[in-house]
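In what follows, a structure is listed as structure tokens, so that the remarks can point back to it.
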Amino acid sequence: MTYSINGSETGAVPRPGQCLRTFLREQGTFGVRKGCDAGDCGACTVWLDGTPVHSCVTPAFRARGRDVTTVEGLADGADLHPVQRDFAEAQGFQCGFCTSGMIMTAAKLTPEQRADLPHALKGNLCRCTGYRAIEDAINGVPHVEATRAGASAGHNAAAPGAREIVTGKALFTLDLPPDGLLHMKLLRSPHAHARVIAVDTSAALAVPGVRAVFTHEDAPPVLYSSGRHEHLTDDPDDTRVLDDVMRHIGQRVAAVVAETVAAAEEGVRALVVEYEVLPAVFDPELAMRPGAPVIHPKPAAESRIAFPERNTIAEIHGNLGDVAAGFDEADAIYEQIYHTQRVQHAAMETHGCVAWVDERGALTVRTSTQVPFLTRSALCAVFNLPPEHVRVLTVRVGGGFGGKQEMLVEDVASLAALRLGRPVQLELTREEQFTGTTSRHPMAIWVRAGAREDGTLTALQLRVVSDTGAYGNHAAGVLHHGCGESVAVYRCPNKKVDAYAVYTNTVPAGAFRGYGLSQTIFAIESTMDELARLLHIDPVSFRERNVIRPGDPMVSVSNELDDVEYGSYGLDQCLTLVRDALADSRNSVPAPGPGWLLGDGVALSLINTIPPRGHYAETDVRLLADGTYQLMVGTTEFGNGTSTVHTQLAATALGTTPDRVAIAQSDTALVGHDTGAYGSTGVVVAGKATLLAAQALRQRLREAAAVLTALPPEECELTEEGVVCGSGTMLGLPELHRRATEAGLPVQAHARTDGSPRSVAFNVHGFRVAVRPRTGEILILKSVHAADAGVVLNPMQLVGQIEGGVAQAIGAAVYEEMRISADGRVVNPALRDYHLPQFADVPHTEVLVAKTADTLGPMGAKSMSESPFNPVAPALANAVRDATGVRLTSLPLGRDRVWEALAHAGVTAEDPAGGPAPHAVPGLPEETAVERR
Ligand code: FES
């Protein structure tokens with residue numbers, strides 16, 4: 001018997017023990033994605049005799065003699081399956097990595113199942129969308145536009161890759177295996193802190209198919225940081241490709257390269273390593289104390305670690321005015337310690353790359369990264385290669401959220417490719433994502449704030465300790481940013497910040513959506529709520545009284561805001577929109593029955609539209625011979641929608657439609673430099689370069705037409721078909737291209753932007769919740785988010801980004817936590833145990849937009865893919881406080897934690913704690929202080 005895949009028989013036979021997913025991918029059906037190996041994510045869903053199955057947990061031999069259908073077999077020739085069409089039209093995806101599996105599940109839903117999507121989609125995870133666009137796609141309705149006061153200057157242009165995504169033909173990093181491909185697997189440290197004494201590779205090298213083993217003795221003696229920034233000196237140099245010191249459980253010890261994945265895995269199992277176990281430290285407060293184990297003993301001058309002897313990478317000590325005097329002046333003071341947890345990015349596509357040496361001898365790396373240009377600069381530094389000898393490119397990237405702003409696989413794969421002269425692929429498992437990549441920095445944040453009786457803030461003080469884990473990638477940047485806009489958004493004459501980024505022997509932290517702000521905003525926005533309550537002032541009114549307004553100096557005391565301007569301001573609108581929506585919901589949203597307590601909560605956030613200290617982007621755009629346009633940008637598409645917006649911007653400037661603009665991006669050999677896709681810069685920096693380049697090309701084409709027609713340029717206008725000159729002379733675009741080229745006139749243009757000056761953007765989130773004291777359950781009755789995004793270039797995409805960011809934040813606020821054992825081990829390194837939010841876990845969020853137009857952003861737009869995350873957790877905590885009278889100070893607000901806090905406070909459904917003074921939280925009574933003068 002043979003195997004039938006999408007109606008075609010194949011003579012291929014699976015290997016013993018092979019799962020159906022891997023077998024199908026080896027047959028070239030790359031629409032079958034790999035997101036886990038545990039049947040958790042559903043990205044690999046296919047039909048077996050018409051029934052959806054998770055192919056990663058289905059033995060391949062079970063498909064023998066049966067019909068296997070993958071997403072590639074769904075369309076009928078050129079006609080998409082109706083579900084594919086609906087996903088394309090409703091933009092039911094962002095990165096698109098989960099989409100094949102979603103479509104295969106959705107296309108088999110019965111009417112009854114469609115009516116119960118929370119249950120029907122429990123086997124398919126999406127990390128990007130927040131599921132609402134998927135719900136709309138399944139229900140066959142276009143995704144809603146932003147409502148109320150919406151500045152909808154743009155249109156819902158379709159994503160350029162939509163058809164490829166829904167048909168499974170979109171190529172991700174590992175979907176193009178080159179001939180002669182070798183596979184790499186990594187041995188990871190079982191110790192939190194240890195020195196490698198010896199590695200016996202003999203048994204591993206004897207495994208059939210193993211071609212090489214690499215240890216620290218093979219790695220260049222170069223220190224670098226996995227965190228990528230435009231300025232190489234932003235992060236401490238504390239990392240080697242392979243090191244002889246292990247600093248966390250899960251750090252890579254050695255790499256085995258073999259002809260197959262199975263042989264590489266067997267080779268890893270055969271390695272024998274002798275370690276000298278060293279003392280370890282897991283608490284950042286302890287790590288700063290004298291006598292703590294020193295994790296990176298290199299001198300500060302060499303490593304840029306501020307105080308290696310006390311494991312402190314960076315410190316901030318900022319001061320404005322006199323906080324002591326400010327507190328003396330206050331009528332009420334609130335003081336509290338908050339804790340935020342370690343959270344995983346959990347992009348559906350794990351880290352992976354393929355490295356090879358091309359025919360010119362250049363190291364070439366196709367990788368799932370947000371920062372191809374900065375990865376190239378790091379590879380050049382590590383391997384001492386000139387930039388022209390290193391090429392880094394991406395195809396489609398399956399989600400990032402900041403986690404792919406690191407070099408975590410490219411270095412070691414390149415080492416092997418350079419040594420072996422054959423292509424080498426490294427794909428991390430889902431477990432490795434948890435144990436060997438990065439996470440959100442856990443922080444302990446002490447806040448003290450004081451205000452006068454009329455609600456005027458007089459003093460704001462923070463002490464922040466950020467746990468960066470074993471390596472310092474992004475540690476300083478996250479600390480500065482976290483203490484930046486969160487403090488700057490409040491107008492207060494006396495501010496003080498003391499903050500520390502500290503090494504521990506735990507899995508490293510790194511860049512993650514919000515870049516430190518979500519942690520400090522949780523603390524500050526919770527504090528502002530309590531301060532308002534102490535003064536018997538409505539929390540929204542309290543904020544309105546104290547937030548910055550245009551013309552106010554913006555002072556964070558922790559980072560540079562000299563180049564920040566009020567290019568627009570929509571915070572006042574956002575607060576009003578959310579307050580009104582919550583007021584409406586009190587009358588319109590039915591409350592659950594007895595046993596529940598009801599409450600509302602609001603929180604706000606500010607973000608500067610561009611990261612500080614320079615963010616660069618270049619764009620080239622040219623007219624092609626057939627009259628269409630070619631756009632080339634450096635920024636990466638990883639679900640943030642930049643490819644859509646860039647084609648829209650270029651098309652608008654060139655007077656054409658987005659489908660006539662082809663985009664090529666993120667290849668260091670083909671396009672100009674781009675710092676990378678983070679901090680929402682894909683629109684506000686790279687998008688601006690695209691707009692400027694397209695505007696320049698428009699002018700050049702007018703000038704070329706003027707030369708060719710002997711008319712003045714001002715009498716020539718570019719249209720969709722060509723350039724119309726004078727009273728009707730039309731030069732069609734193909735003709736213009738031909739004649740201009742013959743005449744040596746340029747038909748291309750280039751632009752570069754540097755990310756300065758920067759503007760401000762705001763987000764406000766509101767919740768109405770019901771809390772059940774008997775179980776600790778939080779029921780979200782209303783979720784509303786108002787965004788100050790400037791001119792909305794693509795309403796559907798904007799709503800999708802906000803819904804996705806809010807969904808991630810709800811996950812982090814309620815469910816997600818990487819739990820670390822006493823010996824530093826991640827104890828829940830799987831999507832299921834980690835509790836990545838499913839469809840059923842994510843409530844609908846009403847998305848509202850302020851009516852603003854930014855003077856600095858492209859076409860008035862501002863950044864909005866990163867910031868919606870930031871105010872969500874404090875808004876939820878504030879709503880729980882409103883409902884129960886109890887202030888929760890640690891995330892996530894899981895059922896157990898809420899139940900314990902309410903039980904400790906004696907809260908019942910009949911008797912909330914109430915009153916202005918919050919109850920002490922278990923474990924922190926001595927640290928909680930409330931003062932009402
Ligand atoms: Fe669902 Fe990215 S679109 S995981």
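Values quoted throughout were computed directly from the atomic coordinates according to the rules given, and no laboratory measurement underlies them. Please read these numbers as outputs of a predicted model, since none were measured by experiment. With ideal geometry, Cβ positions are generated from the backbone for all residues, glycine too; neighbour counts draw on all protein chains shown.
Translational diffusion coefficient of the stretch 746-864 at 25 °C, 0.890 mPa s, Stokes-Einstein with Kirkwood Rh over Cα pairs, in µm²/s as a whole number. List each step's numbers first, then the result.
Working: Rh = 17.6 Å.
Answer from the Stokes-Einstein relation: 140 µm²/s.
Among 193, 441, the ranking by other beta carbons within 10 Å of each residue's beta carbon, starting with the fewest, stands as 193, 441.
If you take the alpha carbon atoms of the chain and fit the smallest convex hull around them, that volume is 170 Å³ per residue. With q set to 0.17, 0.18, 0.27, 0.29 Å⁻¹, the log10 of I(q)/I(0) for the stretch 67-119, from the Debye formula over equal scatterers at the Cα positions, is -0.56, -0.63, -1.22, -1.28.
Excluding residue 391 itself, calculate the net charge of residues whose Cβ lies under 11 Å from the Cβ of residue 391, where each Lys or Arg counts +1 and each Asp or Glu counts -1.
Summing Lys/Arg as +1 and Asp/Glu as -1 gives 0.
The aspartates and glutamates within cross-link reach of residue 185, meaning a Cα-to-Cα straight distance under 12 Å and a gap of 8 or more places when in the same chain, are 259, 265, 266, 427, 432.
The Cβ shell under 9 Å around residue 280 holds other residues with a net charge of 0, Lys and Arg each +1, Asp and Glu each -1. Compared with the direct C-alpha span, the chain from residue 583 to residue 385 gains 65.2 nm at full extension, assuming 0.36 nm per residue.
Rounded to the nearest 5, what % of the DSSP beta bridges within the chain are antiparallel ones?
Numbers: 118 of 150 bridges.
That works out to approximately 80 percent antiparallel.
Here the calculated FRET efficiency for residue 659 and residue 13, from their Cβ-Cβ distance with R0 = 51 Å, stands at 0.70, rounded to the nearest 0.05.
As a calculated quantity, the FRET efficiency between residue 113 and residue 49 at R0 = 22 Å, using C-beta atoms, amounts to about 0.75. Which of 705, 845, 778 sits closest to the plus end of the dipole of the chain, meaning its Cα is farthest towards the positive end, when Lys and Arg get +1 and Asp and Glu get -1 on the C-beta? Most positive-ward Cα: 778. Spatial offset of the stretch 462-522 relative to the stretch 651-710 amounts to 36 Å, using the alpha carbon center of each. If a paramagnetic tag sat 7 Å from the Cα of residue 727 along the Cα-Cβ line, which residues of the stretch 687-712 would have the backbone N under 19 Å from that point? Those under the cut-off are 706, 709-712.
Quick check on the exposure proxy: order 303, 226, 8 from fewest to most C-beta atoms within 10 angstrom. Can you show the working numbers first?
Values: 303 18, 226 23, 8 11.
Ordered by Cβ neighbours within 10 Å, fewest first: 8, 303, 226.
Which pairs, out of 122/169; 298/688; 496/782; 122/688; 122/782, put more than 30 Å between their alpha-carbon atoms? Let's see the in-between values first.
Values: 122/169 25 Å; 298/688 41 Å; 496/782 36 Å; 122/688 40 Å; 122/782 22 Å.
Over 30 Å Cα-Cα: 298/688; 496/782; 122/688.
Within a Cβ distance under 10 Å of residue 92, other residues only, what is the Lys/Arg minus Asp/Glu net charge?
Numbers: positive: 132; negative: 86, 89, 135, 136.
So the environment of residue 92 carries a net charge of -3.
Applying 1/(1 + (r/R0)^6) with r as the Cβ-Cβ distance of residue 563 and residue 294 and R0 = 45 angstrom yields a FRET efficiency of 0.75.
If I stretch the segment between residue 774 and residue 283 completely, what's the gain in nm (0.36 nm per residue apart, minus their alpha carbon distance), one decimal? Don't skip to the end; give the middle numbers.
Numbers: separation 491, 0.36 × 491 = 176.76 nm, distance 3.32 nm.
Contour length minus the Cα-Cα distance gives 173.4 nm.
As a footprinting exposure proxy, order 775, 652 by other Cβ within 10 Å, with the fewest listed first. Don't skip to the end; give the middle numbers.
Numbers: 775 14, 652 22.
With the sparsest Cβ surroundings first, the list reads 775, 652.
Taking θ as phi - 60° and the Karplus parameters 6.51, -1.76 and 1.60, the scalar couplings of the stretch 60-69 work out to 4, 5, 5, 8, 4, x, 10, 8, 9, 10 Hz in sequence order, x denoting glycine and proline. You can think of it this way: the chain between residue 738 and residue 418 has 110.8 nm of extra reach, that is 0.36 nm per residue less the Cα-Cα gap.
Arrange the peptides 447-455, 601-609 so that the one whose residues have, on average, the most other Cβ atoms within 10 Å appears first. Display every interim value, and only then the final one.
Details: 447-455: 20.7, 601-609: 28.4.
Top of the packing list down: 601-609, 447-455.
Taking label points 7 Å from Cα along the Cα-to-Cβ direction, residue 491 and residue 195 give a separation of 5.9 nm. Relative to the Cα centre, the charge distribution of the stretch 256-348, modelled as +1 at Lys and Arg Cβ and -1 at Asp and Glu Cβ, gives a dipole magnitude of about 340 debye. In this rough spin-label picture, where each label sits 7 Å from Cα along the Cβ direction, the residue 719-residue 851 distance is 3.4 nm.
Could you work out [θ]222 nm for the chain from helices alone, using -39500 (n - 2.57) per DSSP H run of at least four and dividing by all its residues? Round to the nearest 500 deg cm²/dmol. If you can, show how the numbers build up before the last one.
Details: 28 runs with 254 residues, N = 933.
When only DSSP H runs of four or more count, the value is -7500 deg cm²/dmol.
A protection proxy built from the mean count of other Cβ atoms within 10 Å ranks the segments 670-677, 740-747, most packed first, as 670-677, 740-747. Among the trypsin sites (Lys or Arg not before Pro) in the stretch 312-409, those placed in a DSSP loop whose Cβ has at most 13 other Cβ atoms within 10 Å are 360. Ranked by the mean number of other Cβ atoms within 10 Å of their residues, highest first, the peptides 886-895, 556-565 come out as 886-895, 556-565.
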